[in-house]
Amino acid sequence: MIKPEKPTNELARLAELERYSILDSAPEASYDDLLAIAAGICDTPMGSVTLVAGDRQWFKSRRGIAAEETSRDIAFCGHAILNPEDMFVVPDALDDERFHDNPLVTGEPRIRFYAGAPLITNGQATGTLCVMDHRPRELTPFQRQTMISLSRQVSAMFELRSAFRDLRHHLVERQWFEQKLASYQTELEEQNAELAELSRTDGLTGLPNRRAFNVALAAAIESAAAQGRPLSVAILDVDHFKTVNDLHGHPAGDATLAAIARALEAQRGGNGLAARTGGEEFALILPNVTLDGAELQCEFIREAVQNMAHGFPVTISIGVTAFRDADDVTAIYARADAALYAAKRGGRNRVESG
């Protein structure tokens with residue numbers, strides 16, 4: 001094990017950390033929410049908002065970790081703050097001389113993968129937003145960028161904490177207080193809007209997730225009903241996807257899903273919306289497209305996936321249906337799902353309508 005060095009700006013870094021009066025403070029839902037989004041998008045069972053103090057790392061928020069703090073000597077985050085300009089990623093701790101015999105690796109919580117984005121305020125790295133897993137892995141570019149974005153949100157929360165404390169000292173200056181409060185409220189609203197967007201996006205493919213799909217489908221149904229225009233919905237499932245993971249590994253499975261997402265985006269031609277609604281399940285909203293037109297478009301999609309230059313064969317089954325009067329999200333989705341299962345029962349790698 002290699003202990004993390006202390007940065008050359010350690011005194012300035014500790015002074016910045018002290019400015020927030022956050023060490024050993026009570027848990028706060030705002031930090032827990034940011035960590036939950038990071039772990040969800042990166043699909044990891046563990047994570048933390050970590051502050052690196054003089055001789056310890058303390059967790060402002062933690063997920064899948066029992067301890068409230070650990071020694072700085074064994075802290076992955078102690079290494080992460082040494083390079084504040086980039087994320088610190090350890091794909092496999094057992095294959096890294098710095099960590100292979102680290103007690104956090106050989107014992108609980110048994111960390112194999114670590115990714116930490118430094119928390120930067122006034123040029124100082126006070127800690128990290130990090131995610132961890134029990135298995136070796138990598139992050140996708142989208143997941144990396146999301147972690148960096150979320151780390152900025154955590155740092156902004158630190159600044160807001162300091163700002164609100166200062167504001168309390170200036171209550172007598174009411175006008176100044178109200179102006180500052182309005183400014184920070186606007187900043188929080190902007191951050192919340194960014195977080196809301198992240199919560200509607202699938203971390204692996206970058207497509208909208210099931211939540212975003214349901215919202216978009218409800219709007220499409222309302223528009224089709226009001227304007228009397230056609231609307232079609234398709235559900236796609238990767239055939240024998242478990243076999244892909246078992247034979248080629250999860251990284252190959254992830255790459256397959258990302259490639260299918262790109263194929264869907266290319267084939268829909270800017271019309272409607274493509275989403276990842278489950279593990280190996282995707283869905284399409286096709287406004288102003290009749291059932292016949294949707295079947296044809298789905299055949300093009302099926303052939304595009306089948307002909308992907310991917311190193312091993314991949315096929316999909318597709319169920320497609322069209323909007324009917326009185327349909328809601330549940331009804332039209334259920335009908336497309338039933339058509340999908342008919343395609344599977346019919347031999348897979350086919351399109352069925354319902």
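The values are calculated or read from the model by the stated rules, or taken from the named source; none is laboratory data. For clarity, every value in this text was computed on a predicted model and none was experimentally measured. As a convention, Cβ positions derive from the backbone with ideal geometry for all residues, glycine included, and neighbour counts pool all protein chains shown. With ligands, DNA and RNA removed, areas are computed over all heavy atoms of the protein, side chains included. Shrake-Rupley method; radii C 1.70, N 1.55, O 1.52, S 1.80 Å.
Observations on the model:
- Residues GLU265 and THR290, FRET efficiency given R0 of 22 Å [Cβ-Cβ distance, rounded to 0.05]: 0.50
- Between 0 and 90°, nearest 10: helix 141-168 axis offset from the chain longest Cα axis: 50
- For the range 232-354, the normalised intensity computed at q = 0.11, 0.12, 0.18 Å⁻¹ comes to -0.33, -0.40, -0.88 (log10 of I(q)/I(0), Debye sum over alpha carbons, equal scatterers, no solvent).
- Of the solvent-accessible surface of the chain, computed with a 1.4 Å probe over protein heavy atoms with every protein chain present, carbon and sulfur atoms account for 50 percent.
- A simple charge model with +1 on the Cβ of Lys and Arg, -1 on the Cβ of Asp and Glu and nothing else charged puts the dipole of the range 31-100 at about 280 debye relative to its Cα centre.
- Solvent accessible area, Å² - ASP202, 1.4 Å probe, full protein context: 20
- On Cα atoms only, tilt of 210-227 relative to the major axis of the chain in degrees: 50
- Distance between the range 213-258 and the range 37-115 - C-alpha centres, whole angstrom: 34
- Using a probe of 1.4 angstrom and keeping all protein chains present, the accessible surface of the chain works out to 47 square angstrom per residue.
- 13 Å cut-off, amide nitrogen to a point 7 angstrom out along ASP92 Cα→Cβ, residues in the range 251-276: 251
- Each Lys and Arg adds +1 at its Cβ and each Asp and Glu adds -1 at its Cβ; summed about the Cα centre, the range 271-354 shows a dipole of about 280 debye.
- Förster radius 45 Å - calculated FRET efficiency between MET308 and GLU159, Cβ distance, rounded to 0.05: 0.45
- Estimated FRET transfer efficiency when R0 is 25 angstrom, pair ALA226-GLU187 (beta carbons, to 0.05): 0.10
- Taking all protein chains together and rolling a 1.4 Å probe, CYS298 ends up with roughly 0 Å² accessible.
- Helix 174-199 axis versus longest C-alpha principal axis of the chain: approximately 40°, rounded to the nearest ten.
- Sequence-separation-based contact order of the chain, relative, with Cα cut under 8 Å and 6+ spacing, percent: 13
- Sequence of TYR20, TYR341 from largest to smallest accessible area, 1.4 Å probe: TYR341, TYR20
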